[in-house]
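K.L.:
Take a look at the following structure, please.
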Amino acid sequence: QVVCPHNQNISPVDNELKNNGDGNYDLLDLLYLTNREYRDKFAESALSWRGRKVLQRNAVVAIGNTGDKGFVPKLKDALNDRRPLIRIHTAWALGELGGDKSRDMLLKRKRIEDDVQVQEEIDMALKKHDFRQH
C-alpha cells in the first residue's frame, strides 16, 4: 500500500472492509452494494479505482468457496444481474455449492439467458454435480 500511486495523497483509513467480528466479511453486503453505497464507502480508498463490479465478482466467488448452501437462495438476484460477469461467476458459485435449489435456479436462468459465456458457465455448473436436466 505504501508504493501504490493512488495512496500517495490520501490519509490512511481504518480497515476499508469491516469484518463482522469473526474475521469474515459479510459477503452478501459486498455483493449487493449499490453504486451510492460503494462510492460512500470506498471513494477515498484504493478500492475506488477498481470499481464495484470487481468487488462484487470477488464476493460471489468467495461465496462459492464457502461450501455453505445457505447462500444459494440469496444468489437469485445476482444470477439475474444485468451484467454478464456477475451472472457468470454466480453460475459458477451455484455449481460449487450444488444441491437441488442451485440446479433449479441454474435451469431457470438457462431458459432465458442470451449471453453465450453465461450459458457455457451454467452448463459447466450443471455438469459439476451431475445435475439431471429433466
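K.L.:
With θ set to phi - 60°, apply the Karplus curve 6.51 cos²θ - 1.76 cosθ + 1.60 along segment 66-80 and write out the HN-Hα couplings as whole Hz, x wherever there is a Gly or Pro.
P.N.:
Working through the residues one at a time gives 6, x, 8, 5, x, 6, 3, x, 7, 9, 4, 5, 5, 5, 10 Hz.
K.L.:
Right, next: Can you give me the solvent accessible area of LYS53 with a 1.4 Å probe, rounded to the nearest 10 Å²?
P.N.:
90
K.L.:
Ok, one more. Figure the gain on full extension for ASP115 and ASP77 (residue separation times 0.36 nm, minus the Cα-Cα span) and round it to one decimal in nm.
P.N.:
Taking ASP115 through ASP77 to full extension adds about 12.0 nm, to one decimal.
K.L.:
For a 23 Å ceiling on Cα separation, which of these pairs sit above it: LYS101/LYS128; LYS41/LYS101; LYS74/LYS108? Provide the component values of the computation, followed by the final result.
P.N.:
Numbers: LYS101/LYS128 15 Å; LYS41/LYS101 33 Å; LYS74/LYS108 15 Å.
In this structure, LYS41/LYS101 lie more than 23 Å apart at Cα.
K.L.:
Now for a different question. What is the calculated FRET efficiency for LYS101 to ASP29, with r their C-beta to C-beta distance and R₀ = 30 Å, to the nearest 0.05? Could the numbers behind the result be given before it?
P.N.:
Working: r = 22 Å, r/R0 = 0.72.
Computed FRET efficiency for LYS101 and ASP29 comes out at 0.90.
K.L.:
Separate question: Based on the alpha carbon coordinates of segment 46-101, what radius of gyration and maximum Cα-Cα distance (Dmax) apply, in Å?
P.N.:
Cα radius of gyration and Dmax of segment 46-101 are 11.3, 39 Å respectively.
The values are calculated or read from the model by the stated rules, or taken from the named source; none is laboratory data. Just so you know, these numbers come straight off a predicted model, no measurement behind them. Counting neighbours? That spans all protein chains shown, and the Cβs are built from the backbone with ideal geometry, glycine included. Heavy atoms of the whole protein, side chains included, go into the accessibility calculation; ligands, DNA and RNA do not. Shrake-Rupley method; radii C 1.70, N 1.55, O 1.52, S 1.80 Å.
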